[in-house]
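Q: Let me give you the structure first, and then I'll get to my questions.
The values are calculated or read from the model by the stated rules, or taken from the named source; none is laboratory data. Remember, predicted model here, so these are calculated numbers, not experimental data. Glycine gets a Cβ as well: all are built from the backbone with ideal geometry, and neighbour counts include every protein chain shown.
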Amino acid sequence: MANYGCQHMAVPLNRVMMRRPGESLRRADPAVWHYNHHFNADRAIAQYGTFTALIAASGVRIDWIADAGDGLADAMFTRDASLVTRAGAVLLRMGKALRQSEPALHGEAYRALGIPVLGALTGEALLEAGDVVWLAEDTLVVGMGFRSNREGVRQLGALLEPRGIRVLGFDLPVWGGEDACLHLMSVISPLSETRYLVHPPLIPAALWMLMKSRGIALIEAPADEFAASLGLSLNVLPVAPDDCIMIDGFPKTRTLMQGHGVTVRTFPGDALCMACEGGPTCLTNPILRVSA
């Protein structure tokens, strides 16, 4: 069996690629990187350690990308720069200009790990994997906003459709503006393959109807906690079906999930996640998910 391939969102997580924040984050200028008043580099690094311990305790193998002080503060959000399928990895093209060199880091890591690279997005294409949701093994949906565009969807489709994967694009709203990070996974978090935690006001209507037609149960997250968390209360990482990790401090969202039979573990994430616009899903790039 291959030791890579991820065309699910919530079956057991076996292997991830991560990058521990270090000097690049400590030297980051919050105004340049669009980090908010919650930002504290040392606290963020400590909170990342707590999060990593939860990942390791779940039995997930972590493949590390080193932070050698390259100045790429956002590279700790490894979800965004590449996408791993059963046929191999695709190197994406970042919508945030400061992150443009991250896909090359991922390419080097995949080559070192023996994971084939199918191709890379080029030219005018933009696509970050935070905008990507596997609706099924053969259906990939992409949110198109300020971080991902139609050309990115077209190029990704050209790489994946010959391998039996449909790639569908859906327009996202403006919400917080051009500098803010609104990914599709900011408003949709699969808890299992058939149950999603969602924030309906920011979901494209056509995608909403498609998810319902696929028999997916849509659980509405508390809107007040979504606003208070800057959207991060909904950024929930499943390490197995209905077994999830989220940031602490949002009890209504946690209780709602527990009421649906979801096991929830939390870590403090104000200085890391709320400050830097990325939650536990963003901090992990799934390399392998395998059904039990």
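Q: Confirm whether residue 231 is out of contact with any strand residue (DSSP E or B) (no Cβ under 7 Å at 6 or more places or on another chain) and under 18 Å from residue 284 (Cα atoms).
A: yes
Q: Follow-up question, since we're still on this one. Evaluate the range 105-112: report whether one residue or more is basic (Lys, Arg) and either touching a helix residue (DSSP H, G or I) at 6+ places or on another chain (Cβ under 9 Å) or more than 30 Å from residue 70 (Cβ to Cβ) (or both).
A: No, every residue in the range 105-112 fails to be basic (Lys, Arg) and either touching a helix residue (DSSP H, G or I) at 6+ places or on another chain (Cβ under 9 Å) or more than 30 Å from residue 70 (Cβ to Cβ) (or both).
Q: Which one of these does residue 222 not meet: (1) under 18 Å from the mean Cα position of the chain (by Cα); (2) at pLDDT 95 or above?
A: All conditions pass for residue 222, except number (1).
Q: Just to be sure I understand the filter: pairs with C-beta atoms under 8 Å, separated by 6 or more residues or on different chains, first member in the range 199-213 and under 24 Å from residue 224 (Cβ atoms), second member hydroxyl-bearing (Ser, Thr, Tyr) and part of a helix (DSSP H, G or I). Which pairs pass?
A: 199/186; 202/186
Q: With touching a Phe, Trp or Tyr at 6+ places or on another chain (Cβ under 8 Å) and farther than 15 Å from residue 281 by Cβ as the only criterion, which of 204, 162, 190, 173 stands out?
A: 204
Q: Is the range 129-138 home to any residue that is out of contact with any Ser or Thr (no Cβ under 7 Å at 6 or more places or on another chain), within 16 Å of residue 6 (Cα to Cα) and among the β-branched types (Val, Ile, Thr)?
A: There is at least one residue in the range 129-138 that is out of contact with any Ser or Thr (no Cβ under 7 Å at 6 or more places or on another chain), within 16 Å of residue 6 (Cα to Cα) and among the β-branched types (Val, Ile, Thr).
Q: Taking residue 46, is it at pLDDT 95 or above, surrounded by fewer than 22 Cβ atoms within 10 Å (Cβ to Cβ), touching a helix residue (DSSP H, G or I) at 6+ places or on another chain (Cβ under 9 Å) and within 30 Å of residue 267 (Cα to Cα)?
A: yes
Q: Out of 287, 216, 245, report the one residue that is on the phi < 0 side of the Ramachandran plot and either among the hydroxyl-bearing types (Ser, Thr, Tyr) or touching a helix residue (DSSP H, G or I) at 6+ places or on another chain (Cβ under 6 Å) (or both).
A: 245
Q: I'm checking my understanding of the structure. Among residues of the range 138-156 that are modelled with pLDDT under 95 and touching a Phe, Trp or Tyr at 6+ places or on another chain (Cβ under 7 Å), which one is surrounded by the fewest Cβ atoms within 10 Å (Cβ to Cβ)?
A: 144
Q: Among 159, 168, 135, 98, which is surrounded by fewer than 22 Cβ atoms within 10 Å (Cβ to Cβ), of a type in the set (A, V, I, L, M, F, W, C), in a strand (DSSP E or B) and more than 17 Å from the chain's Cα centre (by Cα)?
A: Checking each option against the conditions leaves just 168.
Q: Could you tell me which of the residues 63, 74 is within 16 Å of the chain's Cα centre (by Cα) and acidic (Asp, Glu)?
A: Of 63, 74, the one residue that is within 16 Å of the chain's Cα centre (by Cα) and acidic (Asp, Glu) is 74.
Q: Do we find that residue 223 is among the small types (Gly, Ala, Ser) and farther than 23 Å from residue 286 by Cα in this structure?
A: So residue 223 passes the test.
Q: Restricting to the range 23-38, count the residues that are in a loop (DSSP other than H, G, I, E, B), without any contact (Cβ under 8 Å) to a residue 60 or more places away in the chain and buried (at least 17 other Cβ atoms within 10 Å of the Cβ).
A: Residues that pass the stated criteria total 1.
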